[in-house]
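The values are calculated or read from the model by the stated rules, or taken from the named source; none is laboratory data. Here the structure is a predicted model, which means the values were calculated and not measured. Using ideal geometry, Cβ is built from the backbone for each residue, glycine included, and neighbour counts are taken over all protein chains shown. Keep in mind that these areas ignore ligands, DNA and RNA; they rest on the heavy atoms of the full protein, side chains included. Shrake-Rupley method; radii C 1.70, N 1.55, O 1.52, S 1.80 Å.
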Amino acid sequence: MAFSHKQIAESIHGVFNILGVEKCESYLLFYGETAMGNGLRAFLYFLGLAYCFIGLSAITARFFRSMENVVKHTQRVVKIDPSTNAEIVKYEKVWNYTIADITLLAFGTSFPQISLATIDAIRNIGSLDAGGLGPGTLVGSAAFDLFPIHAVCVVVPKAGELKKISDIGVWLVELFWSFWAYIWLYIILEVWTPNVITLWEALLTVLQFGLLLTHAYAQDKRWPYLSLPLTRTERPEDWVPAEATSCKYESKVFNEYSELHQVGEDEIKDIVDIFSIHSTNGKGPVYEEVPSTDDVAESSNRYKQNKINLENSHVLKLWKQQFADALMLESTESRKLNNGYLRLARISWQLLLVPWRLLFAFVPPYHIAHGWIAFICSLLFISGIAYVVTQLTDLISCVTGINSYVIAFTALAAGTSWPDLVASKIAAERQTTADSAIANITCSNSVNIYVGIGIPWLIDTAYNFVVYREPLRIQNAEGAWRAKALAWVTCVYFMLLWIIFVVLSCLKVSGII
């Protein structure tokens, strides 16, 4: 990032602020904070910022589980067999694999940055100059996505386990839009209207997210003239394989239900069917033949009513269990550890997480409404944490004198990108292909620009257009696209080094050199 002399001077001046030369009158919770020394206040605010990032990582697992339930949702399609005149019921996936990666996964994991940038834009509304906190975080987050998250995805799979991208065409489309996002920034910030954003430029930035979705879907469906002629290798029908999502956790929950209600083996299977609606262990869609008789229809209605009643009776049990689990400091596996120091470390970490876990226990169980309620509530909690993060960043800047843009590009970018890292890690572990893990990285960069920067710009430019008839001025406009360009150059450089290593190793093993 290219910093001006003024920013460097402000950062140096911040050192003197910490030593107590100046006093910050702003505070987070109570006015008594201003009586503390600047050094102590800076330490406490940085500590609070780190704790907020821990909260973001804690909510990510719940967010990911709710997203899995959303993607597993199917719709019932009934067709008539012309030969037997019998009804054929087919359950088809509601969500397209590629669209789920871009909207639910990439958009959801980028929500901390988007929320932070939007909050910063709302606080800055009425000013002719754009705030730097949001864009700085988003650009820094893009660099974090490229390097640390790629590194984690490489080492996560087990030894000997090979995970490939099954649809290279979709990945190339996503990669193109990720590159184009920063070319677009250069065009509007340096060519069309230097250092200024107009209402129409902001609107076009947001609309390009829709173009990304359309182009990716066209490639997935292999639409003529809009898709690349690349074949797709075998890909699982389910976004996350059923055996990976349900066997361990759901069996534990359903066993608790069976003990509570003293039901038999057949009833346990019915309960399993409630919470894994139409999902199967097979790779193909589910089909069943239903004779068109009134008796069967009446029986089917009774069965559905029983399922609804069972679901309603167990939702409260699930919700109560979430609070009980939040207070549990030691698991069964942890109790078996012989190393007392390791057990103590795990208990200390769980104790640190208890406030967050209790707070997030209010998120409804992800089994309700196919996971949508838990998904939305998770995003609301993420927005709340993002708001606290913006307040802490302002206080750190006030106490230390460090430019808030510097904090955004470093600490905030890494902290708010933690959900991206966790989600890509989970996807790399649990999915049979590398599509979602890599798509989350690539599409998060696109989402950060088209939505994370586009929407805040749209809010401020719309207000300025209506009230002042003036555009939005951008400070350090060249910094955004230049920083990203340097990140991509570095990424390509490391990729070339890897290719050279692979080629030379193959030639050496083959005895050619």
Filter the stretch 428-462 down to residues that are more than 18 Å from residue 116 (Cβ to Cβ) and small (Gly, Ala, Ser) and give me whichever is most open to solvent (accessible area, probe 1.4 Å). 462
What about residue 337, is it at pLDDT below 70 and either surrounded by 11 or more Cβ atoms within 10 Å (Cβ to Cβ) or in contact with an Asp or Glu (Cβ under 6 Å, 6 or more places away or on another chain) (or both)? yes
Which pairs have Cβ atoms under 9 Å, sit 6 or more apart or on different chains, and link a residue in the stretch 124-135 that is over 16 Å from residue 452 (Cα atoms) to one that is in a loop (DSSP other than H, G, I, E, B) and open to solvent by 30 Å² or more (accessible area, probe 1.4 Å)? 126/468; 128/468; 128/470; 128/471; 129/475
Looking for whichever is closer than 29 Å to residue 151 by Cα, of a type in the set (A, V, I, L, M, F, W, C) and either outside any helix (DSSP H, G or I) or open to solvent by 30 Å² or more (accessible area, probe 1.4 Å) (or both) here; the options are 386, 408, 345, 369. Which one fits? 345
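Can you pull out the residues in the stretch 349-366 that are modelled with pLDDT under 85 and surrounded by fewer than 20 Cβ atoms within 10 Å (Cβ to Cβ)?
Those that are modelled with pLDDT under 85 and surrounded by fewer than 20 Cβ atoms within 10 Å (Cβ to Cβ): 349, 350.
Per-residue answers, yes or no, for (1) in contact with a Phe, Trp or Tyr (Cβ under 6 Å, 6 or more places away or on another chain); (2) open to solvent by 30 Å² or more (accessible area, probe 1.4 Å); (3) over 27 Å from residue 170 (Cα atoms); (4) at pLDDT below 80:
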| site | (1), (2), (3), (4) |
| --- | --- |
| 14 | no, no, yes, yes |
| 18 | no, yes, yes, yes |
| 29 | no, yes, yes, no |
| 37 | no, yes, yes, no |
| 69 | yes, no, no, no |
| 73 | no, yes, no, no |
Can we say residue 400 is touching a residue at least 24 places away in the same chain (Cβ under 8 Å), closer than 16 Å to residue 50 by Cα and open to solvent by less than 20 Å² (accessible area, probe 1.4 Å)? no
Which numbered condition trips up residue 374, out of (1) modelled with pLDDT under 50; (2) surrounded by 15 or more Cβ atoms within 10 Å (Cβ to Cβ)? (1)
When you check residue 442 against the structure, is it modelled with pLDDT of 75 or more and not in a loop (DSSP other than H, G, I, E, B), yes or no? yes
